[in-house]
Amino acid sequence: MPLVLYNSLTRRKENFAPIEPAKVRMYVCGPTVYDRAHIGNARAVIVFDQLYRMLRHQYGAAHVKYVRNITDVEDKIIDAARANGEAIEALTERTTRLFHDDMAALGALPPDVEPRATAHIPQMIAMIERLIAADHAYAAEGHVLFAVASWQGYGKLARRSRDEMVAGARVEVAPYKRDPSDFVLWKPSDTDQPGWDSPWGRGRPGWHIECSAMSEAHLGETFDIHGGGIDLIFPHHENEVAQSEAAHDGRPFVRFWVHNGFLSVEGEKMSKSLGNFVTTHELLERGVPGEAIRLALLSTHYRDPLDWTEDRLSQARQTLDRWYRALLRWPATHAAVSEAVDAALADDLNTPLAITHLHDLAAAVYRTQEPAEKAALQAQLKAGAGLLGLLEAPPGTWLQGGGDGSAIEERIADRATARMERRFADADRIRAELAADGIILEDKPGGATEWRRV
Ligand code: AMP
Ligand code: ZN
């Protein structure tokens, strides 16, 4: 099944083919490590994890190189360290570890290389020197700036007019700039700021050059896929293209640009001031299984906006309960990923359609009475879900603790049926089993039964 991807550069879906089939190369902008990952950051990670899994499925795990950086030098980090009264290195190391823990809980595979910006300062300086030598950058008052007017292709990714770009970039107007849209490659550091010696004095890199230098170091001048959130197209990715192509005599930087849509929370833009800021960590702390978060994040197509709601999350938990129940007593037979699931994912990662096919498979498992057919369907469900990074736990383990109320609701419904049919011994047995699992039932007037955990 050929993989089709929407390319933000050409604004259409294209058949994906890597430059070297034995070496698919992908770079994704990683976190700036100063705080916990919020659920919008998690969306970006999970979307590109899904693409990584699909590339590994198609080309073989040994033939995909996925690089996702850690931005560990940036002004937000300096500010956060100061606010916490914490050393910068302690902050970036701690936050990187938390990020790894959270993303692992969501089933995100670690990238093949995770370069840290602070470990690539010489490469950044070398690239800046090349840009200066080629007259695409200039030094002024301890700063080095990229000369936007010197680069003809500027704006080709974001497709904005020059005026829009100047307004959108919110770049500082500074006396040392030749042009207001010129952006910083290097800037001076005060003694209390992190800094490295350079031909332009002690200073630190701008954010954009970090990704250009790290992608060059690990993937070369031209590679297959570059990803990130849609908010990064301008100015970050536009600037990466300009820096990298200008430093490489105009040779192309990236063939496919892939961008995930934004995530809002209960219909509103997520922000600390609105009090609707959701971190992955607090969901996990609440006992929400990582797979449920992952499924909820994949339940909308990656390019569409996703509204994160409690309802979406609880639906994802119920879906997983249902799928895991379908895997009970599965004799662990083997099956390939079904063509329907494969085709859905190959079509620009249509995860909602893939999920629909998994629902169909689970329904077929429940329907069939024939053991061999049932085992084959179960194997297909397991394989298809596996390609989405789901159903990785043993079903028994999930249904005992990892799942949510729907398994409990089902047992309560069984008990109600037993009572209606006057099978009181059965009804009592279900109540006792639930009690043994720490679930207390309360029969309400009118016939409803409520439950709570002890
Ligand atoms: P940041 O730490 O803000 O640089 O973001 C890290 C990654 O998360 C980038 O790829 C962003 O595009 C992405 N991102 C940040 N906020 C959201 C959001 N609300 N929805 C989706 N992706 C986001
Ligand atoms: Zn980047």
* To do: Have a look at Asp179, Asp163 and point out the one that is assigned to a loop (DSSP other than H, G, I, E, B) and either among the acidic types (Asp, Glu) or under 30 Å from Asn7 (Cα atoms) (or both).
  => Asp179
* To do: Quickly run through segment 59-114 and pick out the residues that are over 22 Å from Gly228 (Cα atoms), free of Cβ contacts under 8 Å to residues at least 24 places away in the same chain and either in a loop (DSSP other than H, G, I, E, B) or within 13 Å of ligand 1 (Cβ to nearest atom) (or both).
  => Gly60, Gly85, Glu86, Ala87
* Do any helices (runs of 4 or more DSSP H) lying entirely in segment 286-376 carry at least 3 residues that are within 25 Å of Tyr59 (Cα to Cα), and which ones are they? -> 290-298, 339-346, 351-367
* To do: Mind listing whichever residues of segment 187-217 are within 15 Å of Pro115 (Cα to Cα) and either touching a Pro at 6+ places or on another chain (Cβ under 6 Å) or more than 16 Å from ligand 2 (Cβ to nearest atom) (or both)?
  => Met214
* Of the residues that make up segment 390-399, is at least one out of contact with any helix residue (DSSP H, G or I) (no Cβ under 8 Å at 6 or more places or on another chain) and part of a loop (DSSP other than H, G, I, E, B)? -> yes
* Asked: Which of the residues belonging to segment 243-259 are more than 20 Å from the chain's Cα centre (by Cα), away from ligand 2 (no atom under 13 Å from the Cβ) and not charged (D, E, K, R)?
  -> Ala246, Ala247, His248, Gly250, Pro252
* **Criterion (of a type outside the set (Lys, Arg), under 27 Å from Ala83 (Cβ atoms) and within 16 Å of ligand 1 (Cβ to nearest atom)) met by exactly one of Pro188, Pro194, Pro235** => Pro235
* To do: Filter segment 239-285 for residues that are more than 14 Å from ligand 1 (Cβ to nearest atom), surrounded by 17 or more Cβ atoms within 10 Å (Cβ to Cβ) and assigned to a loop (DSSP other than H, G, I, E, B) and give the result.
  => His248, Phe253
* Asked: If you go through segment 220-238, how many residues are surrounded by 24 or more Cβ atoms within 10 Å (Cβ to Cβ) and either charged (D, E, K, R) or in a strand (DSSP E or B) (or both)?
  -> 6
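Filter segment 1-45 down to residues that are among the basic types (Lys, Arg) and under 21 Å from Ser271 (Cα atoms) and give me whichever is nearest to ligand 1 (Cβ to nearest atom).
Arg43
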* Considering only residues that are under 18 Å from the mean Cα position of the chain (by Cα) and free of Cβ contacts under 8 Å to residues at least 24 places away in the same chain, look in segment 277-331 and name the one that is farthest from Ala363 (Cα to Cα). => Glu282
* Which of the residues belonging to segment 120-141 are touching a strand residue (DSSP E or B) at 6+ places or on another chain (Cβ under 9 Å), of a type in the set (A, V, I, L, M) and either free of Cβ contacts under 8 Å to residues at least 24 places away in the same chain or surrounded by fewer than 15 Cβ atoms within 10 Å (Cβ to Cβ) (or both)? -> Ile132
* Filtering segment 42-80 down to residues that are basic (Lys, Arg) and within 15 Å of ligand 2 (Cβ to nearest atom), which residue is farthest from Leu219 (Cα to Cα)? -> Lys76
* Checking Ser181 against (1) within 16 Å of ligand 2 (Cβ to nearest atom); (2) of a type in the set (Gly, Ala, Ser); (3) over 16 Å from Ala247 (Cβ atoms); (4) crowded, with 18+ Cβ neighbours inside 10 Å, which single condition isn't satisfied? -> (1)
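Throughout, read-outs are computed from the coordinates displayed, never taken from laboratory work. Remember, predicted model here, so these are calculated numbers, not experimental data. Cβ coordinates were reconstructed from backbone atoms using ideal geometry, including for glycine residues, and neighbour counts include every protein chain displayed.
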